[in-house]
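Asker: First the structure, which I've put down as structure tokens, then a few questions once you've had a look.
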């Protein structure tokens, strides 16, 4: 076997994909393998599994340094040349700091559903749930928005992958769950959905529903092999969304939500909201790019939120 540096990607015609070993992560890798096999039939793929500190740790994520807890070991495998490609949920990749030096996103796949779903064993919607119903979620974004729309419901901290959370629901650790529609689609559990929330009720996280393919930046072979899987409209949307987060310097405890939308005629819009954790403060900005490039749109919307006091809202939240 030649070393990774000899031949662009692993041995000739082989791409090693590093993945967390959760069912969700493996499902995401399978999607990439399937799309790559259709696009580049000559290339073989194999999976290099890792367990991340985020997967092992069931406490408060901010104690581990936030969302990077899910990406650190994956990044290390990539940089050490033990793997050639990593598949990330973009919503889990921190944007307040750059990607690890020496790595790039080679492609963003076509976007999945960006909405949130409610799961209740008896199929109740949020409006139908009695006061005091315990919603399992550790997402500050969901907690803040539920405090606005359904203050009578109680949020209880809930970590773990989607399958694990469904087990906790079954065990009675909460009465209902909120999970991403796209995640439930990936693990084949959309049958459990009681209600899908429109984005104006529950604004999605930055990067919702998008998988990004990360490579070493000097590995031109892998970059060229996977670039064709990318979607140019999603590239615009994610560039705007991640620039917004970068300018706001949001961390994993910041209730920041938003999504960009590339229209068929080429126009791009970005809607973003910043909440205080109790939902009492809501800052809102929505702009169209016109001829602006996506990064400038992200910057412009972030500045609009900063003018409304976003810095103070974000900085008063411990992390």
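Where a number appears in this text, it was derived from the coordinates with a stated rule and is not lab data. As the structure is a prediction and not an experimental result, all values here were calculated from the model. With ideal geometry, Cβ positions are generated from the backbone for all residues, glycine too; neighbour counts draw on all protein chains shown.
Asker: Taking 45 Å as R0, compute the FRET efficiency from the Cβ-Cβ separation of residue 104 and residue 125 and round it to 0.05.
Answerer: Efficiency at R0 = 45 Å is approximately 0.60.
Asker: Enter the mean projected area of the convex hull around the alpha-carbon atoms of region 237-315, in nm², rounded to one decimal.
Answerer: Result: 4.7 nm².
Asker: What is the distance in Å between the Cα centroid of region 267-319 and that of region 211-237?
Answerer: A separation of 27 Å, based on Cα centres.
Asker: So, one more: By DSSP, what percent of the beta bridges with both residues in the chain are antiparallel, rounded to the nearest 5?
Answerer: The antiparallel fraction comes to roughly 70 percent.
Asker: Based on the Cβ-Cβ distance from residue 278 to residue 217, what FRET efficiency comes out when R0 is 45 Å, to the nearest 0.05?
Answerer: So, using R0 = 45 Å, E works out to roughly 0.60.
Asker: If I take R0 = 45 Å and measure r between the Cβ atoms of residue 39 and residue 167 in this structure, what FRET efficiency does the formula 1/(1 + (r/R0)^6) give, to the nearest 0.05?
Answerer: The value I calculate is 0.80.
Asker: With a 10 Å cut-off between alpha carbons and a GNM built on the chain, which of 102, 258, 212 moves the most?
Answerer: Fluctuation is largest for 102.
Asker: Which order do 251, 150, 88 fall in if you start with the one that has the fewest other Cβ atoms within 10 Å?
Answerer: 150, 251, 88
Asker: While we're looking at this one, here's another question. May I ask for the angle, rounded to the nearest 10°, between helix 140-149 and the longest principal axis of the chain, with both axes built from Cα atoms and the value confined to 0 to 90°?
Answerer: Helix 140-149 sits roughly 30 degrees off the main axis of the chain.
Asker: In degrees, nearest 10, range 0 to 90: what is the angle between the Cα axis of helix 294-307 and the longest Cα principal axis of the chain?
Answerer: Compared with the principal axis, the helix lies near 30 degrees.
Asker: Note the full-extension length gain between residue 249 and residue 72 as 0.36 nm times their separation in residues minus their Cα-Cα distance, in nm to one decimal.
Answerer: 61.8 nm
Asker: Still on this structure, please answer the following. Give me the distance in nm between label points sitting 7 Å out from Cα along the Cα-to-Cβ direction at residue 292 and residue 312, one decimal.
Answerer: For residue 292 paired with residue 312, the spin-label model returns 2.4 nm.
Asker: Which value in deg cm²/dmol, rounded to the nearest 500, describes the helix-derived mean residue ellipticity at 222 nm for the chain, given -39,500 (n - 2.57) per DSSP H run of n ≥ 4 and division by the residue count?
Answerer: It comes out at -9000 deg cm²/dmol, rounded to the nearest 500.
Asker: Roughly what angle does helix 23-39 make with the longest principal axis of the chain, taking Cα atoms, 0 to 90 degrees, to the nearest 10?
Answerer: Roughly 50 degrees between the two axes.
Asker: Students often get this wrong: which residues of region 277-308 have the backbone nitrogen under 11 Å from the point 7 angstrom along Cα-to-C-beta of residue 199?
Answerer: No residue passes the distance filter.
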